[in-house]
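The values are calculated or read from the model by the stated rules, or taken from the named source; none is laboratory data. Computed from a prediction, not measured in an experiment: that's the story for all the values here. For neighbour counting, all protein chains shown are included, and Cβ atoms are generated from backbone atoms with ideal geometry for every residue, glycine included.
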Amino acid sequence: MTRERILSGMQASGRLHIGNYHGALENWVKLQDDYECLYFIADWHALTTLFCEPGKIQEYTREIAIDFMACGLDPERSTIFIQSEVLQHAELCVILGMITPVPWLERVPSYKDKKKELAGKDLSSHGFLGYPVLQSADIAIYRADYVPVGEDQLPHLELTREIVRRFNHLYGATLVEPQEIVTPAAALPGLDGRKMSKSYDNAVYLSDGDETVRKKLMSAVTDPQRQRRKDPGRPEVCNIHTYHKIYSSKRRLAEIEEQCRTAEIGCVDCKKELIERFFVHFAGIRQKRKELSADPGSVRAALDQGAARAREVAEETMALVRKAAGLGWSP
Ligand code: TRP
Ligand code: SF4
């Protein structure tokens with residue numbers, strides 16, 4: 001029996017942090033057991049905002065590839081590739097662009113939000129407005145059944161379905177309407193209590209070294225009312241407590257809550273303990289990261305294999321699409 005197909009991608013606009021891990025990658029790894037999975041690094045999408053800094057995109061692409069594989073995306077079971085190495089995405093993007101009304105793009109919330117967020121940057125480009133058209137092409141080119149995404153991506157998925165419906169309506173049933181698999185909004189706050197994000201400078205990266213991890217966690221915000229060692233704390237408003245929920249045992253967590261409320265432990269001890277738990281939790285991934293970083297050739301080989309496989313599937317779809325849209329000619 002052929003398995004249903006999953007596709008997802010990450011934009012090459014930063015290294016991956018533990019929010020990306022718990023909010024997406026960890027789930028992607030599990031999905032490999034039950035689905036045919038394709039996972040890619042969206043470097044064209046990164047150009048929408050990093051077009052002035054090409055060196056960065058390359059660095060992020062390499063590091064994300066290492067992050068993917070270190071976390072357990074398995075190039076033997078899944079197709080792992082770089083977007084710009086499968087040209088069919090761009091070809092389909094051009095065609096979908098012809099049938100996508102501009103007002104559909106202008107009302108996408110991420111378009112308005114990003115523009116506001118990056119107010120200093122020139123985001124008046126055609127490509128930036130067309131970001132979701134490219135994303136629709138990424139998905140439609142593989143006729144993916146499901147797309148695991150965070151909640152912030154739901155408008156993009158909705159738009160993808162609308163574009164696919166329009167294509168199928170105009171040219172006959174060719175493309176597949178994808179369904180989302182929503183990964184619950186990351187339960188993991190950043191070091192300052194806001195959402196973990198590279199733009200807030202409050203993230204712990206999978207590629208951070210031991211010392212950096214220690215420093216970051218030691219300086220994380222805790223319960224602001226706990227000024228002195230003897231002040232009782234409120235675990236429910238504390239970041240470090242949220243991290244303990246993920247990395248410490250249930251039993252130890254209950255003790256920590258109690259010891260925090262009675263000021264039996266101080267924040268420094270609580271953080272030191274967390275750091276130890278963190279290193280245990282990520283030992284395998286961090287070790288694998290080191291090995292892969294020292295062997296870029298093997299990472300490159302896996303991406304070559306992924307791109308070759310992706311091209312096969314993408315080309316099958318494009319053959320149908322070109323014919324449906326009335327392109328090309330042969331006597
Ligand atoms: N827009 C997605 C993000 O920022 C990245 C992405 C690009 C994507 N193409 C995709 C995700 C296709 C899922 C499917 O996270
Ligand atoms: Fe947070 Fe731990 Fe300090 Fe309590 S003791 S406020 S849980 S860091």
| task | Provide a single number: the residues in segment 246-263 that are surrounded by 13 or more Cβ atoms within 10 Å (Cβ to Cβ) and either in contact (Cβ under 8 Å) with a residue 40 or more places away in the chain or not in a helix (DSSP H, G or I) (or both). | result | 3
| Enumeration of residues in segment 177-204 that are surrounded by 15 or more Cβ atoms within 10 Å (Cβ to Cβ) and among the basic types (K, R) | K195, K198
| note | Sole miss for P178 among (1) on the phi < 0 side of the Ramachandran plot; (2) within 16 Å of ligand 2 (Cβ to nearest atom) is condition (2)
| remark: Residue count, segment 36-50, condition under 10 Å from the mean Cα position of the chain (by Cα) and either part of a helix (DSSP H, G or I) or more than 12 Å from ligand 1 (Cβ to nearest atom) (or both), comes to 0
| field | Search result, residues across segment 225-242 that are surrounded by fewer than 12 Cβ atoms within 10 Å (Cβ to Cβ) and either acidic (D, E) or over 11 Å from C267 (Cβ atoms) (or both) | value | Q225, K230, E236
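Please specify each residue of segment 257-270 satisfying the condition of being more than 6 Å from ligand 2 (Cβ to nearest atom) and not hydroxyl-bearing (S, T, Y). Walk me through it before giving the result.
Residues of segment 257-270 that are more than 6 Å from ligand 2 (Cβ to nearest atom), as a first pass: 257-259, 261-264, 266, 268-269.
Scanning segment 257-270 gives E257, E258, Q259, R261, A263, E264, G266, V268, D269.
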| field | Where a residue in segment 162-176 is outside any loop (DSSP other than H, G, I, E, B) and surrounded by fewer than 17 Cβ atoms within 10 Å (Cβ to Cβ) and its partner, wherever it lies, is of a type in the set (D, E) and modelled with pLDDT of 95 or more, with Cβ under 9 Å and at least six apart | value | R165/E177; N168/E177
| field | Long-range neighbours under 7 Å by Cβ, at least six apart or interchain, first residue within 20 Å of L50 (Cα to Cα) and in the same structural domain as E158 (by TED's automatic domain parsing) within segment 105-117, second hydroxyl-bearing (S, T, Y) and surrounded by fewer than 17 Cβ atoms within 10 Å (Cβ to Cβ) | value | none
| query | So which of I80, I64, I95 is among the β-branched types (V, I, T), assigned to a helix (DSSP H, G or I) and in contact with a strand residue (DSSP E or B) (Cβ under 9 Å, 6 or more places away or on another chain)? | reply | I64
| request: Taking V237 as the residue in question, decide whether it is more than 12 Å from ligand 2 (Cβ to nearest atom) and aliphatic (A, V, I, L, M). | output: no
| When the residues of segment 291-303 are filtered to those that are assigned to a helix (DSSP H, G or I) and over 21 Å from the mean Cα position of the chain (by Cα), which remaining residue is nearest to ligand 2 (Cβ to nearest atom)? | E291
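Okay, residues lined up against (1) of a type in the set (D, E); (2) surrounded by fewer than 12 Cβ atoms within 10 Å (Cβ to Cβ); (3) in contact (Cβ under 8 Å) with a residue 12 or more places away in the chain; (4) not assigned by TED's automatic domain parsing to the domain that holds H89:
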residue: C267; (1), (2), (3), (4): no, no, yes, yes
residue: R277; (1), (2), (3), (4): no, no, yes, yes
residue: A310; (1), (2), (3), (4): no, no, yes, no
residue: E315; (1), (2), (3), (4): yes, no, yes, no
| task | Tell me which residues, restricted to segment 189-223, are in contact (Cβ under 8 Å) with a residue 60 or more places away in the chain, of a type in the set (V, I, T) and in a helix (DSSP H, G or I). | result | V213
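Yes or no, residue by residue, for (1) assigned by TED's automatic domain parsing to the domain that holds P132; (2) assigned to a helix (DSSP H, G or I); (3) modelled with pLDDT under 95:
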| site | (1), (2), (3) |
| --- | --- |
| G14 | yes, no, no |
| D34 | yes, no, no |
| C52 | yes, no, yes |
| K56 | yes, yes, no |
